[in-house]
Amino acid sequence: MSHDDAPERILPPDPTGTPVVVRAVRAVVAPLTRTRLFRAGAPRLLPVFERLLGRLSGGRLQIAGLLVPSLVLHTVGAHSGVVRSAHLMYTPDGQGRAIVAGTSFARERHPAWTANLAAHPVAVIDVRGRLLTVRASRIPEAERDAAWRRIEAQWPGYRGYERESGRAVRLFLLRPVDEPAPASLAAVAAGAHVG
């Protein structure tokens, strides 16, 4: 066996071109994110650190973004009408769209952003400082397994959050569109992007 063959035996080939080192770190870190300690602390601590890193980097860096593609999703509140922001991992679908999963660290309740997208599917995402208007649609039942396979190819064992939560995690496809975002959403997203 040649030296070049060794990494591929540890991790399967990645058609997206993710470096072997990043895939190896993901394989080590992913199981840690499924521990009770991580699930208990992450919902409180990660948003604080994400905001701090976002301010320091001018919105160009996210903690999760160091290992996986990440975005900031800006939605209109389903009931309040107030603009809300959530830092999320996303998985490219191979066609220029993003898959996002409402895992909420395996908590029993769906995250609020999923209800916001269901009520108001036009949203704004910030991907490494680039603002895009997107239209969200729920991934149909018949396509869920394929979407989960794509997600878990990026982050091993991520569907475990769904099993542990006791609920069917809401999966959304975010498709960039050429329509304007609602004015309040665009203004808040631009303000959050600036810092």
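The values are calculated or read from the model by the stated rules, or taken from the named source; none is laboratory data. Keep in mind it's a predicted model, so treat the numbers as computed, not measured. No Cβ is skipped: glycine too gets one built from the backbone with ideal geometry, and neighbour counts run over all protein chains shown. Quick note on the areas: whole protein, heavy atoms, side chains included, nothing else; ligands and nucleic acids left out. Shrake-Rupley method; radii C 1.70, N 1.55, O 1.52, S 1.80 Å.
Quick notes on this structure:
- P(r) weight above 18 Å for segment 113-195, C-alpha pairs, percent: 53 percent
- Estimated FRET transfer efficiency (A119, R149; beta-carbon r; R0 22 Å; 0.05): 0.15
- Interchain or long-range residues, amide H under 5 Å from V177's placed H: T133, V134, R135
- Inter-label distance for A78 and R44, nm, one decimal - labels placed 7 Å from Cα along Cα-to-Cβ: 2.6 nm
- Split the accessible area of segment 116-195 by element, probe 1.4 Å, and carbon with sulfur accounts for 53%.
- Heavy-atom accessible area, probed at 1.4 angstrom with all protein chains present, ranks F172, F38, F49 as F49, F38, F172, highest first.
- Computed E for R135/R109 - FRET, C-beta separation, R0 22 angstrom, nearest 0.05: 0.35
- Rounded accessible area of V188 (nearest 10 Å², 1.4 Å probe): 60 Å²
- Accessible area, probe 1.4 Å, largest first, for residues H120, H79, H74: H79, H120, H74
- For R51, the accessible surface of its heavy atoms amounts to roughly 120 Å² (probe 1.4 Å, protein chains only, rounded to the nearest 10).
- Rolling a 1.4 Å probe over the heavy atoms of the protein chains gives segment 120-195 an accessible area of 52 Å² per residue.
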